[in-house]
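Here the structure is laid out as structure tokens; the discussion comes afterwards.
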Amino acid sequence: MKSKKKISCIFISLLLFNCSQTDTKKISDKTDIEIYKEAISLSSKGNHAKSTIELDKLIENYPYSKLSSHAEIMAAYSLYENNEIEKAIIRLNSFIELNPVNEYNEYAHYLLAMCYYIKITNEGRDPSITLQALNSFKTILIKYPRGKYAKDSTLKIQFIENKLALNELSIGVFYLHNNAPGAAIKRFKSIIENYKNSNLIPETLYRLCEAFLMIGLETEAKKSQALLIYNFSDSKWKKLSINLFNSNKNDKEKGIIVSIKEYVKTIFD
């Protein structure tokens, strides 16, 4: 998986940390550097569960070591790699809260966002997880707009917003097909307001045209069509909207003809 490969690359880069020791007193049978090296070795071999145990030993026995903060982040990373996502989330949230200014904060935010991101596909259509992932990546762009994770966060935000927009669109179309255009309009407007950069905007505008025409609001339908034609002139939804209005016009004309015939019948009956 590409995301996990990227996380692994970041992990390796963090191994270049300066391993100087502030407290040389041995509390356990190993120094903090020895414990740290053992944990890193275990992690590199894919034994993330044991790596987490070793890192926790370092944190517990050498809380004032310069390696302590690094061990906290690496423990969260090992939990992430071991697919213990909930535990990783708890560790990362705690680290961010207790260390508002720390050299590893940017990475902690990114790893936390990735934890939520990984959970999206496993949670079906649960919007709460998806929104947590979205907000986490947005936090990275706010706090570190020029940071090393800004570009990837932007791409992840686009993907997540498309996913949320698709969920809203699917519900709106369901309402539309079940003769509930009012409820459908609320869903479609939510997409326009909240996910402006989604690639589902053309279809959303078309569906708004459908919904407004169903309840006789032709002026509103034409406004949606005008936005569709102006902003997405090459979209298939533009062509479909033109066909939709032509079909609606023909239906109206047929209705007028039927009404005249019915009126004439009443006169001569």
Please report how far the C-alpha centroid of the range 132-199 lies from that of the range 49-102, rounded to the nearest whole angstrom. 32 Å
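Do the alpha carbons of any pairs in 119/196; 45/148; 30/143; 163/222 sit beyond 31 Å of each other, and which pairs?
Details: 119/196 24 Å; 45/148 26 Å; 30/143 38 Å; 163/222 27 Å.
Over 31 Å apart, Cα to Cα: 30/143.
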Length gained, residue 240-residue 49, 0.36 nm per residue minus C-alpha separation, equals 63.2 nm
Determine the shape class of the range 29-127: with a ≥ b ≥ c the square roots of the Cα gyration tensor eigenvalues, call it rounded for a/c under 1.5, and otherwise prolate if a/b is greater than b/c, oblate otherwise. oblate
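Mind giving me the FRET efficiency for residue 85 and residue 177? R0 is 41 Å, r the Cβ-Cβ distance, nearest 0.05 is fine.
0.65
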Approximate spin-label separation residue 154-residue 218, in nm, with each point projected 7 Å along Cα-to-Cβ: 4.5 nm
For the range 93-177 the trypsin sites (Lys or Arg not before Pro) that pass both the DSSP coil test and the at-most-14 other-Cβ-within-10 Å test are 125, 146, 148
Sort the range 68-169 into rounded, prolate or oblate with this rule: let a ≥ b ≥ c be the square roots of the eigenvalues of the Cα gyration tensor; rounded if a/c is under 1.5, and if a/c is not under 1.5, prolate when a/b is larger than b/c, oblate otherwise. oblate
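Every number here is computed from the coordinates shown, using simple stated rules; none is lab data. Because the structure is a prediction, the values reported are computed rather than measured. Neighbour counts are summed over all protein chains in view; Cβ atoms, including those assigned to glycine, are modelled from backbone coordinates with ideal geometry.
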